[in-house]
Ligand SMILES: Cc1cc2nc3c(=O)[nH]c(=O)nc-3n(C[C@H](O)[C@H](O)[C@H](O)COP(=O)(O)OP(=O)(O)OC[C@H]3O[C@@H](n4cnc5c(N)ncnc54)[C@H](O)[C@@H]3O)c2cc1C
């Protein structure tokens with residue numbers, strides 16, 4: 001347990017978003033750990049994963065994770081890292097979670113840790129009936145394990161936020177032309193109401209630029225499932241994404 | 001200082017030619033755009049030109065009806081998923097919020113040389129740019145025996161309105177175990193998946209109210225939109241109820257008789273208890289009157305939706321030849337924004353961006369079983385061309401289909417808000 005604690009503390013540090021890492025921090029740390037205590041790596045991996053997996057049993061009442069995970073009472077948890085809150089396809093979120101996502105909340109090691117520590121305090125109005133996880137070590141262990149799952153449900157893969165951050169970086173660096181954005185937005189507002197109202201299609205009004213681009217990049221790279229959005233984003237270049245993000249960021253919910 | 005017209009004249013004098021509004025005569029305060037047809041294409045165009053020009057362009061919308069009942073989701077009304085009032089929309093917001101001058105009248109003719117429109121009321125309206133989005137007219141004689149008079153007995157119900165309500169009551173009043181016959185139109189026509197969604201929705205009603213009834217589809221086409229998806233859905237939800245016959249099976253439609261309710265084909269004569277016959281189609285008559293059609297439809301310049309024959313006229317929606325784009329409300333709405341951008345650029349010098357079009361058609365097969373097909377498009381030099389496309393898959397799980405249906409409801413709210421404000 002000593003060793004696990006040490007690793008957990010490491011996980012608590014905010015992730016640096018500088019570029020892709022060849023493997024997830026979690027895995028590399030395990031390898032380091034394994035070396036440190038002189039055990040063959042696979043054993044530690046198995047043991048540790050079992051620990052996190054045990055912790056996950058609390059969540060598994062409502063959530064699935066891994067290959068073929070589906071939405072149950074709660075949304076599936078694949079590809080959690082870097083995902084905007086409230087955006088799993090075909091899951092009906094509470095207004096609170098949708099609103100938080102619209103306001104820019106994205107899941108990563110930090111935000112998930114905060115959330116799972118005391119869900120209702122972090123996100124008032126969430127429907128998730130989980131009181132919270134007090135033990136910081138267990139919490140860190142669980143979070144590290146959760147965010148290791150890629151969008152297609154592979155455990156221990158490179159964090160999605162790293163991938164899409166990198167992909168979206170070139171668009172985010174541009175100063176978008178809101179006039180161009182308003183024109184291209186013609187394609188969006190046939191479905192997404194400009195007022196921010198939702199009737200079966202999520203609001204995209206008033207999102208922070210970075211989140212907006214992030215979501216587009218995820219669709220373009222098919223990390224999100226909806227084929228309409230995959231098609232819409234397929235021809236958006238950096239300039240178009242930056243322009244759209246600039247335009248939608250200027251709008252207010254009515 | 002506010003310039004009145006006299007000031008304006010003396011202040012500009014010979015400098016007029018340098019104005020960014022080349023088509024403007026001095027006699028006009030503002031450039032005038034007139035839109036004929038307040039449907040998916042026309043309402044959107046009027047709204048976008050008025051909204052985005054911020055008062056610099058005077059927009060008049062000429063629409064015959066006071067209330068527009070969408071064809072989209074009229075099938076959901078047939079299936080009992082919507083009430084009729086929920087698919088009706090008015091023009092008040094276009095007038096109040098965007099300053100569109102809405103005129104409820106019927107345009108009878110166009111003098112393209114004089115840039116003038118004649119109205120049924122006897123009035124006339126002049127324009128600098130004209131947008132035509134009149135939708136479709138029926139070619140009744142494309143189905144032997146069918147006519148405008150036959151519509152009451154065998155409604156096409158392809159222009160929404162009272163025919164859709166008639167059709168629903170005819171289906172509901174069929175005798176027990178009776179036969180409903182659907183004759184879909186030949187290509188090209190408004191809403192390619194529409195006839196098949198209609199069949200699904202009628203099957204849905206019959207399954208509840210008249211489960212031993214049968215549906216026979218006498219199709220002039222050998223294949224149809226989303227065929228695999230529809231046929232899979234029919235098997236699953238309405239086994240043994242629907243029989244689809246392509247031309248290689250029925251051998252050709254020889255006659256329909258609204259008095260005896262018979263549909264005669266080479267294979268056999270079907271006796272119907274209720275029927276919907278949708279004939280071939282062509283651009284709304286005002287497009288013909290404007291002289292911008294070639295055959296049944298109006299060819300356009302893909303980059304702007306300008307009529308090929310007349311640079312002052314734009315044609316949107318079903319009436320146009322939009323090549324790869326299907327005739328749908330979504331397409332018409334998308335084309336309207338490209339045209340609005342181009343027209344504003346011409347009349348006020350605003351930035352004109354490259355044309356980009358898109359479309360998605362959702363169809364409902366049964367409760368919570370929605371499917372979709374869609375694409376985006378760009379302007380080729382001659383035609384509108386596909387950039388990327390998708391279609392729902394057969395065998396998708398229930399959650400996906402349910403989400404697709406819910407998404408279609410969101411789209412309906414979205415597009416009608418985008419059209420009418
Ligand atoms: C059963 C059915 C289901 C459909 N489902 C879908 C769907 O799910 N999704 C989708 O995108 N599309 C759907 N469509 C297609 C869609 O309705 C049409 O493609 C769309 O309405 C075309 O828009 P438009 O502007 O060309 O014509 P319209 O929307 O028909 O508008 C034309 C308007 O012009 C007016 N008008 C015509 N001539 C004159 C004149 N001379 N003077 C004054 N006014 C005039 C008419 O009154 C009418 O209001 C469906 C169609 C049908 C029949």
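The values are calculated or read from the model by the stated rules, or taken from the named source; none is laboratory data. These figures come from a predicted structure and were not determined experimentally. Cβ: placed from backbone, ideal geometry, glycine included. Neighbour counts: every protein chain shown.
Worth a mention:
- All strands (runs of 3 or more DSSP E) inside the range B:310-389 with 1 or more residues being farther than 27 Å from residue B:228 by Cα, more than 16 Å from the ligand (Cβ to nearest atom) and in the same structural domain as residue B:195 (by TED's automatic domain parsing): none
- Candidate set from the range B:379-396 (those that are under 22 Å from the mean Cα position of the chain (by Cα) and touching a residue at least 40 places away in the same chain (Cβ under 8 Å)); member that is nearest to the other protein chains (Cβ to nearest Cβ): B:391
- Of everything listed in (1) under 17 Å from the mean Cα position of the chain (by Cα); (2) more than 11 Å from the ligand (Cβ to nearest atom); (3) crowded, with 20+ Cβ neighbours inside 10 Å, the single unmet condition for residue B:195 is (2).
- Taking each residue of the range B:65-84 that is more than 20 Å from residue B:276 (Cα to Cα) and modelled with pLDDT of 95 or more and looking for partners that are more than 11 Å from the ligand (Cβ to nearest atom) and not in a helix (DSSP H, G or I) with beta-carbon atoms closer than 6 Å, six or more apart or interchain, yields B:67/B:88; B:67/B:90.
- Residue satisfying all of: in the range B:120-141; crowded, with 16+ Cβ neighbours inside 10 Å and over 20 Å from the mean Cα position of the chain (by Cα); nearest to the ligand (Cβ to nearest atom) among these: B:125
- Here residue B:159 meets each of (1) in a loop (DSSP other than H, G, I, E, B); (2) within 15 Å of the ligand (Cβ to nearest atom); (3) more than 29 Å from residue B:373 (Cβ to Cβ) with one exception, condition (3).
- Subset of the range B:339-351 that is within 9 Å of another protein chain (Cβ to nearest Cβ) and either crowded, with 23+ Cβ neighbours inside 10 Å or in contact (Cβ under 8 Å) with a residue 12 or more places away in the chain (or both) - its residue that is farthest from residue B:46 (Cα to Cα): B:350
Conditions tested, residue by residue: (1) under 23 Å from residue B:361 (Cα atoms); (2) facing chain B (nearest Cβ under 10 Å); (3) under 16 Å from the mean Cα position of the chain (by Cα); (4) without any contact (Cβ under 8 Å) to a residue 40 or more places away in the chain.
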| site | (1), (2), (3), (4) |
| --- | --- |
| A:203 | yes, no, no, no |
| A:207 | no, no, yes, no |
| A:226 | yes, yes, no, no |
| A:234 | yes, yes, no, yes |
| A:238 | no, no, no, no |
| A:245 | no, no, no, no |
| A:254 | no, no, no, no |
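- Within the range B:397-421, residues that are facing chain A (nearest Cβ under 8 Å) sit with their Cβ atoms under 7 Å from residues that are modelled with pLDDT of 95 or more and more than 12 Å from the ligand (Cβ to nearest atom), at 6+ positions apart or across chains, in these pairs: B:402/B:368; B:413/A:193; B:414/A:189; B:414/A:192; B:414/A:193; B:417/A:193; B:418/A:189.
- All strands (runs of 3 or more DSSP E) inside the range B:239-292 with 3 or more residues being away from chain A (no Cβ under 14 Å) and within 16 Å of the ligand (Cβ to nearest atom): B:274-277, B:280-283
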